[in-house]
1. Excluding residues fewer than 8 places away in the same chain, name every one of the lysines whose C-alpha is closer than 30 Å to that of A:Lys78.
2. Kindly put B:Asp67, A:Asp103, A:Asp56 in sequence by how many other C-beta atoms sit within 10 Å of each C-beta, fewest to most.
3. When the Cα centres of segment A:7-21 and segment B:44-111 are compared, how far apart do they sit, in Å?
4. Pick from B:Pro82, B:Pro40, B:Pro30 the residue whose mean-square fluctuation is largest in a GNM of chain B, springs joining Cα atoms under 10 Å.
5. How many Cβ atoms of partner chains, on average, are near each residue of A:27-39 if near means within 10 Å of its Cβ?
6. Let me know the whole percent of all Cα-Cα pairs from the protein assembly as shown that are separated by more than 32 Å.
7. Would you mind giving the mean number of other chain beta-carbons within 10 Å of the Cβ of each residue in B:35-45, as a whole number?
8. At what distance in nm do the modelled label points of A:Thr102 and B:Lys17 sit from each other, each positioned 7 Å from its Cα along Cα→Cβ?
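Please treat every number below as a calculation from the coordinates, not as lab data. Treat the numbers as computed from the prediction; the structure is a model and nothing was measured. Don't worry about glycine lacking a Cβ; one is built from the backbone with ideal geometry, like all the others, and counts go over all protein chains shown.
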Amino acid sequence: GAGVSQTPSNKVTEKGKYVELRCDPISGHTALYWYRQSLGQGPEFLIYFQGTGAADDSGLPNDRFFAVRPEGSVSTLKIQRTERGDSAVYLCASSSGLAGLTDTQYFGPGTRLTVL
Amino acid sequence: SQKIEQNSEALNIQEGKTATLTCNYTNYSPAYLQWYRQDPGRGPVFLLLIRENEKEKRKERLKVTFDTTLKQSLFHITASQPADSATYLCALSNSGYALNFGKGTSLLVTP
């Protein structure tokens, strides 16, 4: 079946603008995660959804970042007043929610965000 | 502070040899540890999970060890092939679902 998809694959924006990044998880997966990966670094956790609710948003760096998952499937990561430091690859992952803490996370290809 | 350290320098080995990658961590008490593979321009792909009560786990040409006393995991690829060239990431979690990743080690297998 289809894996996790993310759109757009690339996004270039200007400092101060608002952006939305979309994630389509694997069908039926109840858990969804957002990570951010800067060049030469490993992915950094941002937020985790179980169903429609954010179960853990401790990784969001500040209140310019917000994510929603209104119907428990597609999720949107929203970044307000973008800064050059927000430039990174934003990765989405989903998991079945059936194996608890050892659920395998399946990652999408990421959205490369560049803030000029 | 919590740290996950992986060899920062790229590992270059000859085809057919065994590649060994190291993951060390501090100030974590993980119940399990995971290894992922990441190719350029792609998201990480899950390879193996090892629990704290398991010393070793194998999957085809892959072997992972987990020493909670040393706070270290070793990841081995036996009979390495050029197609194994990628970045390998170690990930763990104290509790909860969020994974904390190391920076990854780049592996290059030459024919």
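1. Reachable lysines: A:Lys11, A:Lys15, A:Lys17, B:Lys3, B:Lys103.
2. B:Asp67, A:Asp56, A:Asp103
3. 33
4. Maximum among the listed residues: B:Pro40.
5. Numbers: counts 0, 0, 0, 0, 1, 0, 3, 0, 5, 0, 6, 0, 0.
Mean number of neighbouring Cβ atoms from other chains: 1.
6. Working: 4925 of 25651 pairs.
The answer is 19 percent, as a whole percent.
7. Working: counts 0, 4, 0, 5, 0, 0, 5, 5, 16, 10, 3.
Mean partner shielding for this stretch: 4.
8. Computed distance between label sites A:Thr102 and B:Lys17 equals 3.4 nm.
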